[in-house]
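**Q** Let me give you the structure first, and then I'll get to my questions.
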Number of protein chains: 4
Amino acid sequence: MVNVGILGATGMVGQRFIQLLAEHPKFEITALTASKRSAGKRYEDAVTWHLDTKIPDVVKDTLVVDTDPNEVKDVDIVFSALPSDTAALVEPKFAQSCIVASNASAMRMEPDVPLVIPEVNPEHLDLIEIQQKNRGWDGFIVTNPNCSTIALTITLKPLYDQFNIKRVYVSTMQAVSGAGYNGVPSMAIVDNLVPFIGEEEDKMESETLQLLGDIDEGVVTPASFGVSASCHRVSVLDGHTEAVFIEFEDKFEVDDVKKSFSKFQGLPQKLGLFSAPQKPIVIREEDDRPQPRMDRNEDKGMAVVVGRVRKDPVFDKNLKYILVGHNTIRGAAGASILNAELINEIM
Amino acid sequence: MVNVGILGATGMVGQRFIQLLAEHPKFEITALTASKRSAGKRYEDAVTWHLDTKIPDVVKDTLVVDTDPNEVKDVDIVFSALPSDTAALVEPKFAQSCIVASNASAMRMEPDVPLVIPEVNPEHLDLIEIQQKNRGWDGFIVTNPNCSTIALTITLKPLYDQFNIKRVYVSTMQAVSGAGYNGVPSMAIVDNLVPFIGEEEDKMESETLQLLGDIDEGVVTPASFGVSASCHRVSVLDGHTEAVFIEFEDKFEVDDVKKSFSKFQGLPQKLGLFSAPQKPIVIREEDDRPQPRMDRNEDKGMAVVVGRVRKDPVFDKNLKYILVGHNTIRGAAGASILNAELINEIM
Amino acid sequence: MVNVGILGATGMVGQRFIQLLAEHPKFEITALTASKRSAGKRYEDAVTWHLDTKIPDVVKDTLVVDTDPNEVKDVDIVFSALPSDTAALVEPKFAQSCIVASNASAMRMEPDVPLVIPEVNPEHLDLIEIQQKNRGWDGFIVTNPNCSTIALTITLKPLYDQFNIKRVYVSTMQAVSGAGYNGVPSMAIVDNLVPFIGEEEDKMESETLQLLGDIDEGVVTPASFGVSASCHRVSVLDGHTEAVFIEFEDKFEVDDVKKSFSKFQGLPQKLGLFSAPQKPIVIREEDDRPQPRMDRNEDKGMAVVVGRVRKDPVFDKNLKYILVGHNTIRGAAGASILNAELINEIM
Amino acid sequence: MVNVGILGATGMVGQRFIQLLAEHPKFEITALTASKRSAGKRYEDAVTWHLDTKIPDVVKDTLVVDTDPNEVKDVDIVFSALPSDTAALVEPKFAQSCIVASNASAMRMEPDVPLVIPEVNPEHLDLIEIQQKNRGWDGFIVTNPNCSTIALTITLKPLYDQFNIKRVYVSTMQAVSGAGYNGVPSMAIVDNLVPFIGEEEDKMESETLQLLGDIDEGVVTPASFGVSASCHRVSVLDGHTEAVFIEFEDKFEVDDVKKSFSKFQGLPQKLGLFSAPQKPIVIREEDDRPQPRMDRNEDKGMAVVVGRVRKDPVFDKNLKYILVGHNTIRGAAGASILNAELINEIM
């Protein structure tokens, strides 16, 4: 078993890490960190548990420690659910000695830090060697993208490989859990929506291209098409929905797109990684699917569900579809875990 | 006073007609129709009133009649809140003798039936003469577009006049009231959204261009750019929100767009029509506005509120913005009423 | 394996029956009925599946038949998820030849039809013999109470056995699923609640006492205290919450009440029935629990979760607590199944 | 015009004060206070406005000052929307020189501070003289009760005057606005409810009796029946709903109760105070009313709407009914304003 720690273990994403790792066949949770306020408490006493499954027994009595490398001993991997500013300060310290699989945005766009979705760009892990050399670390940092970006990019990958994408427009309807437990007041979202999520559009517009970029001699060149996003918060607990419009360079057949989605498999599927969904993309044929409540848990929340895959009736080189991805599983904790599983398998 | 009737007076849009007309300075409600089941009852007994203002006293005792021209005497204008299939059968009969201001979709795309937003294309009313000649009617039908289309097209009009629009992508987040009181079960929308609304995308894609089309010798030639829509239902009671992406042919300044929105006025404003908003488009500068609950009632629900008006950081000839319009006021009952006010004023 | 059929298999409760029975160790689904409209279709084609788990493979291809005993062959037990009026007509016909475990209210208060919660009053099954004699049936009908009544009565049973209950006041906050998929329009419940559920208060007030009544020589004498209910619908998908106020005849200790709840076990627990929760009543000690979303799935939705168990600070012989029970599992499909498991085990 | 200040003017209740006072015929807003962070800013810049009407023009440019009597000059009355702990420190200072009409709970149960609902116990204002004497203040403090208590007590007052109340059980379903804008996270209330509101039950159980108590020689003796409350938060923006069960000492007729509700009038009605509702209690006869979204704004939010007024079918000396009151208008800002109007009129 690999010893793993969770940084920021009491927040929404931290809780998902615990839920997903509690019965992991290869990773064993041996350290949990949180803010100073929680340090020294049993996890069960430190956390306000918000998931509708129970706190796993294996962590109930674990003593929470401060998020400080000196407090976290004998772990091989730490999963980071830290806020961005804390992550920027702390993750590099952890990376001196262990693997940091981070869901934080702080280091994502650093040129020597791999931003990876295992089904999309596992080859970007080549940056690790450069990162270690550059920084003199024994460990390293690997990051996963923002929740909305992950679901979108998984669906773009097979299209990018087979068609010439010219432009992508994406409009999101994002779940409140993405903002953390206290992030969206009920006064803001009952009989309402909020058409703005700070920095989210920037992330979708840059991370997507980075993920689909080529790596050559240790340098990632982002994909050269453009992505334009408009991001909105709606009254849904979990599961981001995205309406995608793609301009291709050429005409295409919808059936080819569906085949492309349907047969898509990445390295995690080939390696049979524990958290890998059987199919990264699941297609629904009903008119009114995917829906977040109905589809977010597809394949334990690790598959992206697409529907309404259709040729644009107006622009004949355009494709439209809807996708749903679970924002705190496939889009956060599960993403970091899958990164770690891949690294653990191939490195 | 002009005597008016309301066809389909007990439904959601019918109730809005009553609410908006109850204290109208020029129109007096003298007839209410509904299905046979309700005929013969006092309006107060026939309706299950769903608005949060009260049933106006002036209609409480009005006897509801069947939706049949023989039952509706001495009215000059009828407002139609009928379902599309009934409208197709009944509106032509009413048009033989009176003005039909219809919110139904049945006749919207008929070549001799004006589809009008008074601020956008009042000149399309020229079709009336042709319609009457073609069909031998003493009255006529004038229609307003679908709720989502109205709000979008009001914002496109000043841009269309000043810039070269190449393409429009629009992603909607629509209120449940648009489907009628029983249209969206709570089981479908609590902790969920439904990424599909039957025929809505078609309507937005065709009606918008029709509205912005030129009329010449009695023929409307639709505008020649393209509109692609993706329509979704969210947990909001009233007020449709739309995320708009526009590709212009040329570069532009955001300030010019804002000025264009801000100074936009149409014929209803010039004529001072009773239901005309002071400004058809109101701009909000906050990051997180417009929001449906906060902005839907702007200027009695007749203004469209736009926000996040920004140049696309990715595509430099592209504009992005968010809009909110009240779907059952500006997008339905209020739209028909404004059409009738315009006709009453100029014809 | 016992062959079972489900009457009304396409509705909300029908779907729960299928979900719960699909992997049942002793019951095998061999017949599914629905209205004539669905008869002849494969189940997967006949149903609009609303649960967030998938349609079990074992029923996908089952041909749905009309709800008619002549159409349902070779079943030992039928589970009835029929509406009350249909149930009144059809269940007696099925009971001529097989066991009817019914969730419908039609026959609940018939003097020779047992109304049973297995943990509460299994001895009422003695009515079966009388029922068969009275009616000349080879089969029989056994019913479970209304969803709100079940959860309440499970918590009252250990108190009734140990304390002298004088009066019970109960105020419910019920989930929308209780009204069926289309039962509560979103327009009725977003930013709102509905303080009325037809006949629900009557059912709680009569069924509870019937369940706690003594059976003697084939006659059930209802318990003699009084229950007064006020029933309300709130914006929750699944899980009824009830605020309970109990007037005891005598003073009591809260700890004794908690012990009474905690150690409560019934015949299903003793017999180890498949669907029996380990503990029928689970106590939460947090200030703000139970909550429907967090607690409804306790022990696969078959346990009732109580919290805020407290002595009334005002009336010193009074107890107050909150309970949550899953209305379509413990309160409907799971209740009928547990009845059938008990009958299958002991008869 | 009377010069008034608002303490805590940027919060939810502070905003309601401004909304209600902006066009008041006798009170003119001349001072606004908030925390130090906001001091020195224009009100429009200091506030995040959450109401769906606009910030009144008259306060937009008012400079917000620190909540300190030295900063608030030349006001006759201050309305306090302060949190309880701040109120305890600051209100006595303001009371040295001006009238404090407080919505805070800090001073409510002080023996010489009147806790008043003008329709219920205006005679408790006699405590003012004692308060001033006791404390040596030129001004004084008058408080209104907690939001849930106000609505309940208004309905109890006519019953208390006419019938012998033995016990009251009340179960609330309270709106999220009662907890302040950030008080209830959406994660807590979407598809959920929270069956606990800190200290709310205590307040309802004590304040109600205080309000209905007799004052004699400067001492209020609380009413001698008992009130037992269970308080719950549901997904409603504004408007508290309460299910009330009353045990009377004697049998009664429902019609007498309804008459009692219907004809109830208090001093504010007799004096024609500006904010007084025409009828403090409005009865709805529909089965499913009152509902918070439909009824909270009755008579500008100042009336309490009751419905389902019925004799308990189980306990023949018992009454049951449902009430809805607007928690931030009748239950908070409007309550303080009505207190001030009464004082301004009679003292």
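**Q** Anything in segment C:164-187 that is aliphatic (A, V, I, L, M), surrounded by fewer than 24 Cβ atoms within 10 Å (Cβ to Cβ) and part of a strand (DSSP E or B)? List them, or say none.
**A** Result: C:I165, single match.
**Q** Right, something else. Here is a check on your reading of the model: is D:A333 over 18 Å from D:L152 (Cα atoms), hydrophobic (A, V, I, L, M, F, W, C) and surrounded by 24 or more Cβ atoms within 10 Å (Cβ to Cβ)?
**A** Here the answer is no, as D:A333 does not meet what is asked.
**Q** In addition: For residues that are polar (S, T, N, Q) and away from every other protein chain (no Cβ under 11 Å), scanning just segment A:198-235, find the one that is surrounded by the most Cβ atoms within 10 Å (Cβ to Cβ).
**A** Of everything passing the filter in segment A:198-235, A:Q210 is surrounded by the most Cβ atoms within 10 Å (Cβ to Cβ).
**Q** Do we have any residue at all in segment C:126-148 that's surrounded by 19 or more Cβ atoms within 10 Å (Cβ to Cβ), within 14 Å of chain D (Cβ to nearest Cβ) and modelled with pLDDT of 95 or more?
**A** Taking every residue of segment C:126-148 in turn, at least one turns out to be surrounded by 19 or more Cβ atoms within 10 Å (Cβ to Cβ), within 14 Å of chain D (Cβ to nearest Cβ) and modelled with pLDDT of 95 or more.
**Q** Among the residues of segment B:134-154, which ones are touching a helix residue (DSSP H, G or I) at 6+ places or on another chain (Cβ under 7 Å) and in a helix (DSSP H, G or I)?
**A** B:C147, B:S148, B:T149, B:I150, B:A151, B:L152, B:T153
**Q** How do the pairs read when you match residues in segment B:107-130 that are not assigned by TED's automatic domain parsing to the domain that holds B:A303 with residues anywhere that are crowded, with 24+ Cβ neighbours inside 10 Å and of a type in the set (S, T, Y), using Cβ under 8 Å and keeping only pairs 6 or more apart or on different chains?
**A** B:M107/B:T143; B:R108/B:T143; B:V113/B:T143; B:P114/B:T143; B:L115/B:T143; B:V116/B:T143; B:I117/B:T153; B:V120/B:T153
**Q** Given the conditions (1) away from every other protein chain (no Cβ under 12 Å); (2) more than 22 Å from the chain's Cα centre (by Cα), and given that D:E247 satisfies all but one, which numbered condition is not satisfied?
**A** Condition (1) is where D:E247 drops out.
**Q** Could you figure out which of (1) within 19 Å of the chain's Cα centre (by Cα); (2) not hydrophobic (A, V, I, L, M, F, W, C); (3) not assigned by TED's automatic domain parsing to the domain that holds B:N103 isn't true of B:S262?
**A** (1)
**Q** Evaluate the following for A:V4: is it under 21 Å from A:T328 (Cα atoms) and out of contact with any strand residue (DSSP E or B) (no Cβ under 8 Å at 6 or more places or on another chain)?
**A** So A:V4 does not fit the description; no.
**Q** What number of residues within segment C:307-321 satisfy the criterion of being over 18 Å from D:V168 (Cα atoms) and in contact (Cβ under 8 Å) with a residue 40 or more places away in the chain?
**A** Number satisfying all stated conditions: 1.
**Q** Under 20 Å from the mean Cα position of the chain (by Cα), touching a residue at least 60 places away in the same chain (Cβ under 8 Å) and not in a helix (DSSP H, G or I), is that true of C:Y160?
**A** So C:Y160 fails the test.
**Q** Considering only residues that are assigned to a helix (DSSP H, G or I) and either more than 14 Å from the chain's Cα centre (by Cα) or over 30 Å from C:F140 (Cα atoms) (or both), which ones fall in segment C:301-340?
**A** Residues satisfying the conditions do not exist here.
**Q** Right, another one. Of everything in segment C:168-193, what is aliphatic (A, V, I, L, M) and either more than 7 Å from every other protein chain (Cβ to nearest Cβ) or out of contact with any Pro (no Cβ under 9 Å at 6 or more places or on another chain) (or both)? Give them in sequence order.
**A** C:V168, C:V170, C:A175, C:A179, C:M187, C:A188, C:I189, C:V190
**Q** Next question. If a residue must be touching a residue at least 60 places away in the same chain (Cβ under 8 Å), in contact with a strand residue (DSSP E or B) (Cβ under 8 Å, 6 or more places away or on another chain) and part of a loop (DSSP other than H, G, I, E, B), how many such residues does segment A:63-97 contain?
**A** So the count comes out to 7.
**Q** What is the one condition in (1) in contact (Cβ under 8 Å) with a residue 24 or more places away in the chain; (2) in contact with a helix residue (DSSP H, G or I) (Cβ under 6 Å, 6 or more places away or on another chain); (3) within 28 Å of C:R296 (Cα to Cα) that A:K60 does not satisfy?
**A** With (1) in contact (Cβ under 8 Å) with a residue 24 or more places away in the chain; (2) in contact with a helix residue (DSSP H, G or I) (Cβ under 6 Å, 6 or more places away or on another chain); (3) within 28 Å of C:R296 (Cα to Cα) applied to A:K60, the lone miss is (1).
**Q** Which of (1) facing chain D (nearest Cβ under 7 Å); (2) acidic (D, E); (3) under 20 Å from D:V234 (Cα atoms) is the odd one out, the single condition C:D238 does not satisfy?
**A** The number of the failed condition is (1).
**Q** Ok, one more. Taking the residues in segment B:271-293 that are within 23 Å of A:V194 (Cα to Cα) and not in a loop (DSSP other than H, G, I, E, B) as candidates, determine which candidate is farthest from the other protein chains (Cβ to nearest Cβ).
**A** Per the criteria, the residue is B:I281.
**Q** Scan segment D:1-38 for residues that are farther than 16 Å from D:Y181 by Cβ, modelled with pLDDT under 95 and not basic (K, R) and jot them down.
**A** Those that are farther than 16 Å from D:Y181 by Cβ, modelled with pLDDT under 95 and not basic (K, R): D:M1, D:E23.
**Q** A further question on this structure: How about segment C:19-49: which of its residues are part of a strand (DSSP E or B) and crowded, with 21+ Cβ neighbours inside 10 Å?
**A** C:F27, C:I29, C:L32, C:T33, C:A34
**Q** So which residues in segment B:68-99 are within 16 Å of B:P114 (Cα to Cα) and among the charged types (D, E, K, R)?
**A** B:E91
**Q** From the list C:I6, C:I18, exactly one residue is touching a Phe, Trp or Tyr at 6+ places or on another chain (Cβ under 7 Å) and assigned by TED's automatic domain parsing to the domain that holds C:L63. Which is it?
**A** The unique qualifying residue is C:I6.
**Q** Considering (1) outside any loop (DSSP other than H, G, I, E, B); (2) buried (at least 20 other Cβ atoms within 10 Å of the Cβ); (3) within 14 Å of chain D (Cβ to nearest Cβ), say which one C:P268 fails and leave the rest.
**A** The number of the failed condition is (3).
**Q** Additional query: Keeping to segment C:304-341, report how many residues are of a type in the set (S, T, Y) and more than 11 Å from chain D (Cβ to nearest Cβ).
**A** Qualifying residue count, segment C:304-341: 2.
**Q** Sticking with this structure for a sec: Which pairs do you get when a residue that is in contact (Cβ under 8 Å) with a residue 12 or more places away in the chain and among the aromatic types (F, W, Y), found in segment B:2-29, comes within reach of a residue that is part of a helix (DSSP H, G or I) and surrounded by fewer than 24 Cβ atoms within 10 Å (Cβ to Cβ), reach meaning Cβ atoms under 6 angstrom, with the pair 6+ apart or on two chains?
**A** Qualifying pairs under 6 Å: B:F27/B:L21.
The values are calculated or read from the model by the stated rules, or taken from the named source; none is laboratory data. Quick caveat: nothing in here was measured; it's all calculated off a predicted structure. Backbone-built Cβ (ideal geometry, glycine too); neighbour counts: all protein chains shown.
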